[in-house]
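Data block below; observations after.
None of the figures in this text is laboratory data; all of them are computed from the coordinates on show. Remember, it's a predicted structure, so these values are computed and weren't measured experimentally. Glycine gets a Cβ as well: all are built from the backbone with ideal geometry, and neighbour counts include every protein chain shown.
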Amino acid sequence: MSAAHCFILSSFLAVSRWKVHAGSASLNPTVSHSIRSIYYNGLYNSETNDYDVALLKTSQPMGFSETLRPVCLPRTRQQFQSTGNCWISGWGHVSEGGQLSPVLREARVHLISSQICNQSTHYPGMISPRMLCAGYPDGKVDSCQGDSGGPLVCQEDGLWWQVGIVSWGEGCGRPNRPGVYTNITVLLDWVYHRLQLFEPVSCTYTYLLADERTKEAVLIDPVLETANRDAKLITDLGLKILYATNTHCHADHITGTGMLKKLLPGTKSVISKHSGAMADLHIQDGDEIQFGNFFLEARSTPGHTDGCLTYVLNDQSMAFTGDALLIRGCGRTDFQQGCPKTLYHSVHSKIFTLPDSCFLYPAHDYTGQTVTTVGEEKRLNPRLTKSEAEFANIMNNLNLKRPAQIDVAVPANLKCGIQD
Ligand SMILES: [Fe+2]
């Protein structure tokens, strides 16, 4: 987790320009991780520093160790004691205009209420709900240039929580000019909407949805190669998976539903009855998959394949589109019963009729994008904003390569991913 301004202000969005050094207190660590994606909040305002949050996804998982431990994300609007055990850390300047520190430094700070911090004596009206202040009335202890993006963590109930991200401040350690931090407790939706399970060979996203109260969960589009990872996550989170469901019979990877049924007995596999594939449960347009107090409504969206389903969460706040609609794209229509006209009609009648604010999660992305909205795709999708005839013309002239795994994947997926 980091600050958006670190990446935007310097146009440093190229992943190759960054490395993550973790588990070391020295500025010259031995282990570093390359970056797969950088996400920054699209509402970030470089003048006010509002919404100053970014996420970096490493190319490989970081293994935890004695010196590398995870920190908890806070709960939505969780309150922390102002004089609690809160710490900032970083390699930034050790004083205003001073030198960068070669070793990681830390300092204890108090949280300062936004009501005080917004007063004319401090930062008059400049502290938005997405910000929080920390430091001391007489200054002296503060984060400084070079600490940006670093954490403000608080210990409470025996756990460390990341409460803030070093964002901005006037000078360093000046009286009545405390450090200003991004307030994570009000930006959790943005963070959670960017956490996805990814399978890098076929660039498949797998989605885990759960009711926090009943612990009942559903997994969408698991992949054979990452089934163990998904089963472990489900077990670690104390969830009870009811269904492992596919949006369609995939041609580019083998589904993990069969393996998950073995790893987590009791799991039911689900797929459209028009897919022609085996499963415990065959569903169709209008059917609902219940988990806890939520359900997914299945909408039939054929065109990429006959059996493509889009799963819409009961409050229509999010939908899982499979290959029917991708971010600024769509699934190909040149094999497996593909038909441009059918796909065009599916997207326009079943997906674009959802609220503009509805988040859309595709089965794949090949460029590191993770989520879009109905409004964005209605405006910006280069194919589906066209007329039906133009769309068909584009789709019929893509000249794509045959998916590498198609001859293995389709026969296996017709049988829940279990290979003969
Ligand atoms: Fe597909």
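Here the spin labels are modelled as points 7 Å beyond Cα on the Cα-Cβ line, and at ASP285 and VAL94 they lie 7.0 nm apart. Plainly put, the range 60-117 has a radius of gyration that is 1.05 times its Kirkwood radius, both from alpha-carbon atoms, as the Rg/Rh ratio.
If you run the Gaussian network model on the chain, springs between alpha carbon atoms under 10 Å, then out of ILE241, ILE254, ILE116 the most flexible one is ILE116.
Helix 227-236 and the longest principal axis of the Cα set of the chain meet at an angle near 50°. Simple spin-label estimate for PHE64 and ILE394 gives 4.4 nm between the two label positions (7 Å along the Cα-to-Cβ direction from each Cα). Which residues make up the longest stretch of the chain that has no GluC sites (Glu not before Pro) in a DSSP loop with at most 11 other Cβ atoms within 10 Å? Between the exposed loop sites, the longest stretch runs 213-420. Among PRO222, PRO151, PRO102, the largest mean-square fluctuation in a Gaussian network model of the chain (Cα springs under 10 Å) belongs to PRO102.
Rounded to the nearest angstrom and listed largest first, the equivalent-ellipsoid semi-axes of the range 196-413 from its Cα gyration tensor are 27, 19, 15. Fewest neighbouring Cβ atoms within 10 Å first, the residues LYS215, LYS261 line up as LYS215, LYS261. Could you calculate, for the range 231-296, the ratio of the Cα radius of gyration to the Kirkwood radius, expressed as Rg to Rh? We get a ratio of 0.97 for the range 231-296.
For the chain, the longest piece that avoids every one of the chymotrypsin sites (Phe, Trp or Tyr not before Pro) found in DSSP loops with at most 12 other C-beta atoms within 10 Å covers 65-365. Dividing the mean sequence gap of close Cα pairs (under 8 Å, 6+ apart) by how many residues the chain holds gives a relative contact order of 10 percent. By the Cβ distance rule of under 4.7 Å, the chain has these cysteines without a partner: CYS6, CYS72, CYS203, CYS249, CYS308, CYS330, CYS339, CYS358, CYS416.
Legend: ranking of residues ARG69, ARG108 from fewest to most surrounding C-beta atoms inside 10 Å; resulting order ARG69, ARG108. Across all C-alpha atoms in the range 4-189, the radius of gyration and Dmax reach 16.0, 47 Å.
All Cα-Cα distances of the range 141-245, cut into 5 Å bins from zero to the largest, leave 2, 10, 14, 15, 13, 12, 11, 8, 7, 5, 2, 0 percent in each bin in turn. Quick one: among THR206, THR182, THR214, which has the greatest mean-square fluctuation in a GNM of the chain with alpha-carbon springs under 10 angstrom? It is THR214.
When the Cα atoms of the chain are aligned to their principal axes, the ranges along those axes come out at 70, 47, 42 Å in descending order.
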